[in-house]
Protein chains: 2
Amino acid sequence: MRGRVPLQAPAAIPQATGGPGRPRGGQVVTVALDAMGGDAGVASTVEGAALLSREEVPVQVLLVGDPIAVEQQLRQVRYDPQRLQVVASSGVVRGGDPPRATLDRLPDCSIAVAARLVRDGDADALVSAGDTGAVILASSDAFRRLEGVRRAALAAVFPTEQRHGPREDPFALMLDVGATVQATAEDLLGFAAMGSAYSAIISELPAPRIALLSNGSEPSKGTSAIVEAHARLAKGPLAFAGNVEGVELLRGTVDVIVCDGFLGNVVLKMIEGMSEIARDLARGAAESSLQARIGLSMLGPELRQLRARTDWKRYGGAPLLGFDRVVIKAHGRSEARAIRNAIKVAAKAAEGDLAGRIRDTVLAMGGSA
Amino acid sequence: MRGRVPLQAPAAIPQATGGPGRPRGGQVVTVALDAMGGDAGVASTVEGAALLSREEVPVQVLLVGDPIAVEQQLRQVRYDPQRLQVVASSGVVRGGDPPRATLDRLPDCSIAVAARLVRDGDADALVSAGDTGAVILASSDAFRRLEGVRRAALAAVFPTEQRHGPREDPFALMLDVGATVQATAEDLLGFAAMGSAYSAIISELPAPRIALLSNGSEPSKGTSAIVEAHARLAKGPLAFAGNVEGVELLRGTVDVIVCDGFLGNVVLKMIEGMSEIARDLARGAAESSLQARIGLSMLGPELRQLRARTDWKRYGGAPLLGFDRVVIKAHGRSEARAIRNAIKVAAKAAEGDLAGRIRDTVLAMGGSA
């Protein structure tokens, strides 16, 4: 690390893990958290890490950020000092900053230092609620693309009507949602392999059902990239369910939805927008009449359950897939609880050997996904 | 017309209009209805036309279909015989049939005969709830593409939170939703021109606000086709509002959303799926507890209003734009009321001189949209 001396040298961190990105089961997983990233900065990140430190989970968090700001925030919260450590960084890439230029100007900014801790094996996974472009670039700078993976993908979970896996997760996975705007058939195959590997770990599914998002269920429907990807997935080793349309996406008839980053981004924002609009409509109804207000309050338990299921804060962020390390991008608007969940998901992915699992899946698909 | 003699020859139909596709204001508009198209066939189409015939609107409907089936259905309903006439056709293209081959094999099928009535000036507009591919092909066979229009587009209205135009329409327009899967920048410009012209007539807006659906509001966001279309629309004569994302789409911050047919189709089906899922969730809540059931019944008026607003049956079908004639594709699942609305929309578009308006808009944009 150039420039600054870490408040507590990463080298001094007890390493109970099985090597970079591959902690052994049951042992402590170390997560490097970009403490400066996200709209609320240290206020959310430090509190999120503090929350987790008080729980019975074997996760160690390195809070990477301005040591004065982080320490000050730590004094405001209750935490287990055995489970949190501060690592100094200098500067932050903010949303709106040009990410490449800012990373070059601030080589010791929080996301860059956090990524290097993971690269060097001082941590097993990276979590950031900072600018998406900066997280992707810092990851490309620090990590290696996995062999056979042509393009990284950002995946997101979204609420579905049907449930998934033995833990009955009320969400499915969609990728890419923004890392690769236009995708070739080859890219889509890679997304399918990576999504399958991630879903297998996170939702504990032996063979996640994969589908291509298209404008019809027939193999001939969609762009030329989708038609080609369909033909190849149909012959491949994944649990390929064919094409799905917009309706089935929300029903959740499959576990992993594959599409290019442009479509995924539009669709994901529509889904986020839906719950916002539903909330506004309920508010409007409540204001319109006393009867409606009483009706809504009687539906309280059901509405709370629905709100919980459609709340992205519960689902712990979006994995950036395709690198030899675990990277979780938390939502920029993450509050403490969302940060805590993102750290937990990152630890679970590292413990499940995400990179190794992706490598194996790509290999099974013929080596070049 | 080959093969069969029309039950009532189209030549004998009183023509009160101002020529093909351009009836003069206040005069009777004639709509050719594919009476065999749609999942319910004559049951829906004949009843829809009959409904309209009893209303105070100057619209004449030609029921194009198997004369025996149509006459039989007419005996089941109340209608004004001055406003309905039967034109014989032979055969129908059903969903699942290969449309091109079936049209070639059945040159006098209902959609082909109806399109020729419009081509020959015996009717001012075409309405069909039949197979989308068949409607598009029959239109290409019978009509001319408008000068300067490279690709036809299918447009659809969808419910939005905000309202549009002086009549406060609770819907916006999106195109293309399936005629042109992959669109160039040039194609997107054409869709913008056609959507603007149609929205101006249907929602009575002097300058409909147009936006490109993209993965970010910045001009640099999206596929290369979108980035180029953005730059050109920004310099053009339309009321261009830039790019919108998934959230704003549902809010309805603009009047016309432009995208390629692949994206439009996925998004439209998601929107249709949402109200289905909302209905299922409400049903699930009602079954879960007595309290929820009472709460839902107290919300009755608000839920009915919401259901009405998100009900595609009210909005009268999707215009197929780019030809020198008015074509409205009604939903395959259309019941009588949806057919009635589609006929009304077709008459309004013909009366507003849709083709002329598109031609003028394309010309204003530099002649080649």
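Before moving on, here are some points about what is shown:
- Residues located in the stretch A:153-166, provided they are modelled with pLDDT of 90 or more and surrounded by fewer than 24 Cβ atoms within 10 Å (Cβ to Cβ): none
- When the stretch A:229-248 is filtered for residues that are within 11 Å of chain B (Cβ to nearest Cβ) and either surrounded by fewer than 18 Cβ atoms within 10 Å (Cβ to Cβ) or touching a residue at least 60 places away in the same chain (Cβ under 8 Å) (or both), only A:Val247 remains.
- Of all residues in the stretch B:194-228, exactly one satisfies the criterion of being buried (at least 17 other Cβ atoms within 10 Å of the Cβ), free of Cβ contacts under 8 Å to residues at least 24 places away in the same chain and under 24 Å from B:Val157 (Cβ atoms), namely B:Gly222.
- Inside the stretch A:88-98, residues that are modelled with pLDDT of 95 or more and either in contact with a His (Cβ under 7 Å, 6 or more places away or on another chain) or not aliphatic (A, V, I, L, M) (or both) make up a count of 3.
- Going through (1) within 24 Å of B:Ala183 (Cα to Cα); (2) surrounded by fewer than 18 Cβ atoms within 10 Å (Cβ to Cβ) one by one, A:Ser289 falls short only on (1).
- Qualifying residue in the stretch B:185-197 (condition: farther than 27 Å from B:Ser334 by Cβ, out of contact with any Leu (no Cβ under 6 Å at 6 or more places or on another chain) and in a loop (DSSP other than H, G, I, E, B)): no
- Long-range neighbours under 6 Å by Cβ, at least six apart or interchain, first residue in the same structural domain as A:Val29 (by TED's automatic domain parsing) within the stretch A:53-73, second of a type in the set (S, T, N, Q) and modelled with pLDDT of 95 or more: A:Gln60/A:Thr30; A:Leu62/A:Gln85; A:Val64/A:Ser89; A:Val64/A:Ser110; A:Gly65/A:Ser89; A:Gly65/A:Ser110
- Counted residues, the stretch B:177-189 - those being farther than 15 Å from B:His230 by Cβ and modelled with pLDDT of 95 or more: 0
- Residue ID - farthest from B:Ser203 (Cα to Cα), chosen from residues in the stretch B:255-273 that are more than 9 Å from chain A (Cβ to nearest Cβ) and either touching a Pro at 6+ places or on another chain (Cβ under 8 Å) or at pLDDT below 90 (or both): B:Val256
- Output for the stretch A:232-242, where each listed residue is in a loop (DSSP other than H, G, I, E, B) and either in contact with a strand residue (DSSP E or B) (Cβ under 9 Å, 6 or more places away or on another chain) or among the charged types (D, E, K, R) (or both): A:Leu238
- Residues within the stretch B:302-320 that are at pLDDT 75 or above and of a type outside the set (A, V, I, L, M), tallied: 2
- Residue within the stretch B:3-23 that is under 25 Å from the mean Cα position of the chain (by Cα), outside any helix (DSSP H, G or I) and at pLDDT 95 or above present: no
- Single condition B:Asp324 does not satisfy, out of (1) closer than 14 Å to B:Ala197 by Cβ; (2) buried (at least 22 other Cβ atoms within 10 Å of the Cβ): (2)
- Residues being in contact with a Ser or Thr (Cβ under 7 Å, 6 or more places away or on another chain) and among the β-branched types (Val, Ile, Thr) - total across the stretch A:92-130: 4
- Only listed residue being surrounded by 15 or more Cβ atoms within 10 Å (Cβ to Cβ), among the acidic types (Asp, Glu) and either without any contact (Cβ under 8 Å) to a residue 12 or more places away in the chain or facing another protein chain (nearest Cβ under 8 Å) (or both), chosen from A:Glu302, A:Glu276: A:Glu302
- When each of A:Arg209, A:Arg251, A:Arg232 is tested for being under 22 Å from B:Val177 (Cα atoms) and of a type outside the set (Val, Ile, Thr), the lone residue that passes is A:Arg251.
- Flag not set for A:Thr132, criterion: outside the structural domain of A:Leu52 (by TED's automatic domain parsing) and of a type in the set (Ser, Thr, Tyr).
- Single condition B:Gly130 does not satisfy, out of (1) under 30 Å from A:Ala225 (Cα atoms); (2) out of contact with any helix residue (DSSP H, G or I) (no Cβ under 6 Å at 6 or more places or on another chain); (3) in contact (Cβ under 8 Å) with a residue 60 or more places away in the chain; (4) not aromatic (Phe, Trp, Tyr): (2)
- Residue match in the stretch A:279-298 (condition: farther than 26 Å from B:Arg251 by Cα, modelled with pLDDT of 75 or more and more than 14 Å from every other protein chain (Cβ to nearest Cβ)): no
- Of the residues making up the stretch A:206-228, those that are under 25 Å from the mean Cα position of the chain (by Cα), within 14 Å of another protein chain (Cβ to nearest Cβ) and outside any strand (DSSP E or B) are A:Ser214, A:Ile226.
The values are calculated or read from the model by the stated rules, or taken from the named source; none is laboratory data. Fair warning: this is a prediction, and the values are worked out from it, not measured in the lab. Ideal geometry is used to build each Cβ from the backbone, glycine not excepted, and the neighbour counts take in all protein chains shown.
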